[in-house]
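The values are calculated or read from the model by the stated rules, or taken from the named source; none is laboratory data. What you see is a predicted model, and the numbers here were worked out from it, not measured in a lab. For neighbour counting, all protein chains shown are included, and Cβ atoms are generated from backbone atoms with ideal geometry for every residue, glycine included.
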Amino acid sequence: MNFTSSADTERFSTLREAWGLIVNSGIDWSRVGVMVGFGFFFAGPAYTFWYKLLDHKATALLARTTSSSRARTAAWWAAWGAWAVSCGKTVADLTVFDPIYLPLFFMSTNLVSGCSFDEAGKRLRKDFAGTYVVDVAIWAPVQLFNFRFIPLLYQPLLVNGVNVFWNAYLR
C-alpha cells in the first residue's frame, strides 16, 4: 500500500465533500457574483475617489480656516479640529455620496439580476426611503469612526468590510 496515494485519495475525497457542502449550502452564487462585480467595478473605485476628494476638500478648508485666524483657532483646532473634520466628512458622505450610491446600487444589481428597467425602478422607489433611514443610522457612526481614526489609504477597506453585512441587509 502506498501511503502517498492513500493520503492523496483522502485529500481529494475531503475536497470533494467540502465542495459538495459549498455548492449545496443554499448560497445564492449568482447574487454573490453580482455583489462581487458591483464592488469590484463600481464601489471600490467610487470609495477610493470619494474619500480622496473628501480628504482634499477637508484639508483645504482646514488650511483656509486656520490661516485666517491662526491665533484664535489654533487651540480649538488642536482639541476639536480632527473631530470637526470627521463630522463634516460624515455629513458630506451621508448627504452627497449615499443619495447617489444607493440608487445606483439598487438599479445596477437589479438589472444585472435580470429585472427589467421598469421593475428595477419600482423596487428603487419602494425601498429607497426606508433603506436611506437605516443607512444613516448604521453608516453615521461607522463613517465617523472611519474618518477620525482610519488612515485615508485604509478607509475603503473598512467600508468594504462593513459592506459585507450591509449588502446582506440590502437584498
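Before moving on, here are some points about what is shown:
- Within region 150-160, the set of residues being loosely packed, with under 11 Cβ neighbours inside 10 Å and assigned to a helix (DSSP H, G or I) comprises just one member, Leu153.
- Annotation: Phe106 fulfils all but one of (1) at pLDDT 75 or above; (2) assigned to a helix (DSSP H, G or I); (3) exposed (fewer than 14 other Cβ atoms within 10 Å of the Cβ); the unmet one is (3).
- Scan region 79-103 for residues that are surrounded by fewer than 18 Cβ atoms within 10 Å (Cβ to Cβ), hydroxyl-bearing (Ser, Thr, Tyr) and over 14 Å from the mean Cα position of the chain (by Cα) and the total you get is 1.
- Top-ranked residue of region 56-76 - restricted to ones that are surrounded by 16 or more Cβ atoms within 10 Å (Cβ to Cβ) and within 30 Å of the chain's Cα centre (by Cα), ranked as modelled with the lowest pLDDT: Leu62
- Single unsatisfied condition, Pro141 versus (1) surrounded by 12 or more Cβ atoms within 10 Å (Cβ to Cβ); (2) modelled with pLDDT of 90 or more; (3) assigned to a helix (DSSP H, G or I): (1)
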